[in-house]
Amino acid sequence: MMLRRDAAVLTAFLGFCGAAGAQQANPLDVIPDKMPFSTPYGAPISLARAQAAIAAATAEAEKRGWALNVAVVDSGASLVAFARMDGAQLGSIAVSEHKARTAVKFRRPTKAFEDGIQKNDFKYQLTIDDVIASRGGIPLVEDGKLIGAIGCSGGAGSQDEAACMVGAATINK
């Protein structure tokens, strides 16, 4: 009797799982009408503008008591300017640059990759060259063209992103 009841429960459970699985479509199979993240590349950001973005980001971090590394790359993903705040961790130097390069190469904030992996289980993103799936990389767009990106690292991802948003606001209006 107990075995028959257990078998019935198992059969009902497997039927439910099969029905639930059949109803779920793979979000990667959706074909968008427009190309996502297609902001055209523009002329590279100037040193003065890059330094202004860094100054704004570091001022925000300093105001909050955070020690961050901040990098700005141009539209070709080459480093234009960098600042390491006093006490910022050494390991985050390269990470700040990587976040900026990822944001410009893929024309999107690095949070998009973080969300893809964390919220949507898009593990395939971990296999894409030059991706860093951690927030804190923001594209810099002027007159509808991508002129560079800013990357911050050294704090929690939310801290990195908050400081970067302030730096990016000097360009992105």
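On the basis of being of a type in the set (A, V, I, L, M, F, W, C), in contact with a helix residue (DSSP H, G or I) (Cβ under 9 Å, 6 or more places away or on another chain) and open to solvent by 10 Å² or more (accessible area, probe 1.4 Å), does residue 150 make the cut? No; evaluated as a whole, the condition is false for this residue. Residue 125 passes every criterion in (1) modelled with pLDDT under 95; (2) open to solvent by 60 Å² or more (accessible area, probe 1.4 Å); (3) not hydrophobic (A, V, I, L, M, F, W, C) apart from (2). The number of residues in segment 60-80 that are over 23 Å from residue 91 (Cβ atoms) and in contact (Cβ under 8 Å) with a residue 40 or more places away in the chain comes to 2. Looking across segment 88-126 at every residue that is more than 15 Å from residue 37 (Cα to Cα) and among the hydroxyl-bearing types (Ser, Thr, Tyr), the one that is nearest to the chain's Cα centre (by Cα) is identified as 96.
Within segment 151-173, if we keep just the residues that are under 17 Å from residue 69 (Cα atoms) and charged (D, E, K, R), the residue that is nearest to the chain's Cα centre (by Cα) turns out to be 161. In segment 31-58, the residues that are in contact (Cβ under 8 Å) with a residue 40 or more places away in the chain and within 16 Å of residue 106 (Cβ to Cβ) reach residues that are open to solvent by less than 80 Å² (accessible area, probe 1.4 Å) and part of a helix (DSSP H, G or I) with C-beta atoms within less than 9 angstrom, at least six apart or across chains, in these pairs: 37/112; 41/104. Residue count for segment 62-85 under the criterion of being within 19 Å of the chain's Cα centre (by Cα) and either farther than 11 Å from residue 152 by Cα or aliphatic (A, V, I, L, M) (or both): the result is 11.
Look at (1) within 15 Å of the chain's Cα centre (by Cα); (2) within 23 Å of residue 42 (Cα to Cα); (3) free of Cβ contacts under 8 Å to residues at least 60 places away in the same chain and you find that residue 148 fails only one, number (3). Put simply, of 143, 160, 86, 115 the only residue that is surrounded by 17 or more Cβ atoms within 10 Å (Cβ to Cβ) and modelled with pLDDT of 95 or more is 160.
The values are calculated or read from the model by the stated rules, or taken from the named source; none is laboratory data. Since the structure is predicted, the reported quantities are computational estimates derived from the model, not experimental observations. Note that each Cβ is placed from the backbone with ideal geometry, even for glycine, and that neighbours are counted across all protein chains shown. The area values use the complete protein model at the heavy-atom level, side chains included, leaving out ligands, DNA and RNA. Shrake-Rupley method; radii C 1.70, N 1.55, O 1.52, S 1.80 Å.
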